[in-house]
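*Asks:* Let me give you the structure first, and then I'll get to my questions.
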Amino acid sequence: MAEFDDLYKAIEACSRASRRAKSIVQILHTHFDALSVGLKRLREFAGELTEETRAAVQRAANIRDHEGAQLREFGLDEAGAAALERVKAHLDRERPWRDIKALDADLADLRACYIKTRGLILTAQDSQVESAIGRLYGRDGFRRLSADASDRILEPLRRVRADTTAEAVAPSLRELVDRFEPALDHALAEAGARLNELVSRTSGQIVRNLSLSHELRDREVKTEADVERLVADIRARLLAHVREGERIILS
């Protein structure tokens, strides 16, 4: 800190001084004011920087760097943004430990907002996983499977659920959201493939997933005739599989 520059210089000068008594007295006399003021300030700081105060500053910095930073990236309302700015401004002070309790309300608000936001994300993701599981439950043949077989099929979907809590700070809010949809799509495809394989093996009828994206992607439909041609193309493709005795799951 700049206010200790004179103390550092005085200590350095004393450390270089001759060990003769006269030289030591002279150098101490020269730097007496800097040593006196600097040591007084050090004692003040030692009295202020208790374990409780240091812990409070660290907690404020953690909320600024984790909860606050994630909320700012994810979206903070006006009140939350103002609270975060007050926390940052206080911690940027030369002596942030002074009046650190003035941040208690802002820190509590940021923490509560973070937990609520993270909890809503996790709840929404759980609902999507349950919806995907429900679609598999509705597939013909699923309810006749053994408990072990059902667990094996649903395992990829259950694995999608984030191994975290609303109170945790990792993975970040952005990572939670960005990773979920691709992971759910992949897990649903894997679970569907496992179910197809098992039902095909037990029923003797081939069950396969079929994507119609090739027929639908970038296809322009302007007239009734266009609609009829599209329907005819899809019908022909589906019938080709059905006539082979296959059961089709559209994906």
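The values are calculated or read from the model by the stated rules, or taken from the named source; none is laboratory data. Note that the coordinates shown come from a computational prediction; the quantities given were computed from them, not determined experimentally. Cβ atoms come from the backbone with ideal geometry, glycine included; neighbour counts cover every protein chain shown.
*Asks:* Being within 24 Å of the chain's Cα centre (by Cα), in a helix (DSSP H, G or I), at pLDDT 95 or above and surrounded by fewer than 16 Cβ atoms within 10 Å (Cβ to Cβ): is that true of residue 121 here?
*Replies:* On the way: within 24 Å of the chain's Cα centre (by Cα): yes; in a helix (DSSP H, G or I): yes; at pLDDT 95 or above: yes; surrounded by fewer than 16 Cβ atoms within 10 Å (Cβ to Cβ): no.
Criteria not met by residue 121.
*Asks:* Here's something else I'd like to know. Evaluate the following for residue 168: is it modelled with pLDDT under 90, closer than 30 Å to residue 70 by Cα and not aromatic (Phe, Trp, Tyr)?
*Replies:* Working: modelled with pLDDT under 90: no; closer than 30 Å to residue 70 by Cα: yes; not aromatic (Phe, Trp, Tyr): yes.
Taking the combined requirement at face value, the residue does not satisfy it.
*Asks:* Return the pairs, sorted by first residue and then second, in which the second residue is part of a helix (DSSP H, G or I) and of a type in the set (Phe, Trp, Tyr), the first residue lies in the stretch 113-135 and is within 19 Å of residue 187 (Cα to Cα) and not assigned by TED's automatic domain parsing to the domain that holds residue 78, the beta carbons are less than 7 Å apart, and the residues are 6+ apart or on different chains.
*Replies:* Going by the 7 Å Cβ cut-off, the qualifying pairs are 125/180.
*Asks:* Confirm whether residue 154 is buried (at least 17 other Cβ atoms within 10 Å of the Cβ), more than 24 Å from residue 186 (Cα to Cα) and of a type outside the set (Val, Ile, Thr). Even if it seems obvious, please write down each step before you answer.
*Replies:* Working: buried (at least 17 other Cβ atoms within 10 Å of the Cβ): yes; more than 24 Å from residue 186 (Cα to Cα): no; of a type outside the set (Val, Ile, Thr): yes.
It is false that residue 154 is buried (at least 17 other Cβ atoms within 10 Å of the Cβ), more than 24 Å from residue 186 (Cα to Cα) and of a type outside the set (Val, Ile, Thr).
*Asks:* So, in the stretch 124-150, how many residues would count as being surrounded by fewer than 11 Cβ atoms within 10 Å (Cβ to Cβ) and either aliphatic (A, V, I, L, M) or not in a helix (DSSP H, G or I) (or both)?
*Replies:* Counting residues in the stretch 124-150 that are surrounded by fewer than 11 Cβ atoms within 10 Å (Cβ to Cβ) and either aliphatic (A, V, I, L, M) or not in a helix (DSSP H, G or I) (or both) gives 3.
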